[in-house]
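Note sheet for the following structure.
Bear in mind that the values in this text are calculations on the coordinates, not laboratory data. If you're wondering where the values come from, they're calculated on a predicted model, not measured in any experiment. Cβ placement follows ideal geometry from the backbone for every residue including glycine, while neighbour counts extend to all protein chains displayed.
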Amino acid sequence: MADEQRVATRFGLDRVQTAELLADFEAFGWITWNDFAGSGGWSLTAAGKVRNERQLAEELTAAGATDDVTATYHDFVSSNALLLQACTHWQLRPTGSDRLATNRHDDSAWDATVLADLEAVGQTLADLQPRLVRGLGRFAGYDQRYRRALDRVHAGDLDWVTGVGKDSCHTVWMELHEACWPRSVWSEESRQTWAMLDPSPVESELP
């Protein structure tokens, strides 16, 4: 989910061009505006996800990169559970009486363990990045965006682990997941996780 300014910045477009494209995509039924947790942004509709899937598959085929990029998925998904666990532990710190207690970040040992897991995920991403870029150049930069978010956390801005509406660690990781690999190669665990985060029935609409 991203607003007009984030889309423009992410893809190096000016605001006018971005606004026109977003209006066109909304008219085609590919994107819709959503409000969440005090912020809002554009996200793909079920029809938009189907179109995105087809575009990604065609792009990978044209570049002769389908097999190489698909081969990286196993390494990515092996760290997916660790990333999701770290994000959960960053938000929650179970107590004896409340397993869903909010993490108040007053337990340095707990947070240090979470940060170590996030660093491990970042290293996986740094290792994957060159292999992805060999497939498609536009896959560049995810490792740097993740690193910048984690550096902000180490500097004391704790919202950059799971924050919405910004390039947080969670945002970058999930964007990479959806941008690089067709859902046809996703693991069942990834499908179930994504279904909880975004229940749009894209799978059933794919040919």
Query raised in the report: What does the charge count near Val172 come to, summing +1 for each Lys or Arg and -1 for each Asp or Glu among other residues with Cβ under 13 Å from its Cβ?
Result: +2
Requested in this report: Using only the Cα atoms, work out Rg/Rh for the chain, with Rh taken as the Kirkwood radius, to two decimals.
Outcome: 0.97
Query - Residues whose placed amide H lies under 5 Å from that of Ile31, excluding near-sequence neighbours - result: Glu26, Thr45
**Report entry** Net length gained if the chain between Gln85 and Asp68 were fully extended (0.36 nm per residue, minus Cα distance)
**Finding:** 3.3 nm
Report summary line: Computed ³J(HN,Hα) along region 136-153: with the Karplus parameters 6.51/-1.76/1.60, θ = phi - 60°, integer Hz and x for glycine or proline, the list is 9, x, 6, 7, 5, x, 4, 5, 5, 5, 4, 4, 5, 4, 5, 4, 5, 5
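Do you know the relative contact order of the chain, to the nearest whole percent, from alpha carbon pairs under 8 angstrom that are 6+ apart? Intermediate values should be presented prior to the final figure.
Working: 214 pairs, mean separation 42.1, N = 207.
Relative contact order of the chain: 20 percent.
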Report summary line: With -39,500 (n - 2.57) per DSSP H segment of 4 or more residues and division by the full residue count of the chain, the 222 nm estimate, nearest 500 deg cm²/dmol, is -20000 deg cm²/dmol
Report task. Report, largest value first, the span of the C-alpha coordinates of region 85-145 along each principal axis, in whole Å. Result -> 50, 18, 14
Query raised in the report: Cα extents of region 48-139 along the three principal axes, largest first, in whole Å?
Result: 55, 29, 19
